[in-house]
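The values are calculated or read from the model by the stated rules, or taken from the named source; none is laboratory data. Since we're looking at a predicted model, the values are computed, not measured. A quick note on method: Cβ atoms are made from the backbone with ideal geometry, for glycine too, and the neighbour counts reach across all protein chains shown. What goes into the accessible areas is simple: the full protein's heavy atoms, side chains included, and nothing from ligands, DNA or RNA. Shrake-Rupley method; radii C 1.70, N 1.55, O 1.52, S 1.80 Å.
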Amino acid sequence: MTSDLNLHLDSKSESPEDARHREAKEAEGDAIQLRLMFPDGKEETLAAKLGQTVQYTKAIIHERFEVPIDRQALTCEGRAMIDPLSLADCSGISSNGLNLIQVQMSS
């Protein structure tokens, strides 16, 4: 049973490990799609979670597209995406539709 405050009030007890797993999954947020626009005109789609950080997203871009993390600058709707923020904290990112992200590279 879930209360109006979104608290889980089951009559049976949940193990601490199960509670941590459930809470971690809830903190990840909704699944979203990022449309990455690279300086060379290449476009790629990346699956992400609203709760993941910009820094983690940069790590995935590095892993999949071999762009060094320290050379990446990500923007959405002309606004810089700052590393410690979650994607949900960035202006222009939503769980509805495709989110356009500019991947800029510094020298």
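Just a few scattered comments:
- Figure legend. Inter-residue proximity from segment 28-44: first residues over 13 Å from residue 105 (Cβ atoms), second residues modelled with pLDDT of 95 or more and acidic (Asp, Glu), beta-carbon distance below 9 Å, spacing 6+ or different chains. Indicated pairs: 34/44; 35/43; 35/44.
- Single residue of segment 1-29 satisfying the filter (in a helix (DSSP H, G or I) and either under 30 Å from residue 98 (Cβ atoms) or within 18 Å of the chain's Cα centre (by Cα) (or both)) that is modelled with the lowest pLDDT: 26
- Screening residue 96 against (1) within 11 Å of the chain's Cα centre (by Cα); (2) at pLDDT below 95; (3) open to solvent by 80 Å² or more (accessible area, probe 1.4 Å) leaves a single unmet condition, (1).
- Subset tally (residues that are assigned to a strand (DSSP E or B), open to solvent by 30 Å² or more (accessible area, probe 1.4 Å), in contact with a Gly (Cβ under 8 Å, 6 or more places away or on another chain) and farther than 15 Å from residue 100 by Cα) for segment 30-88: 0
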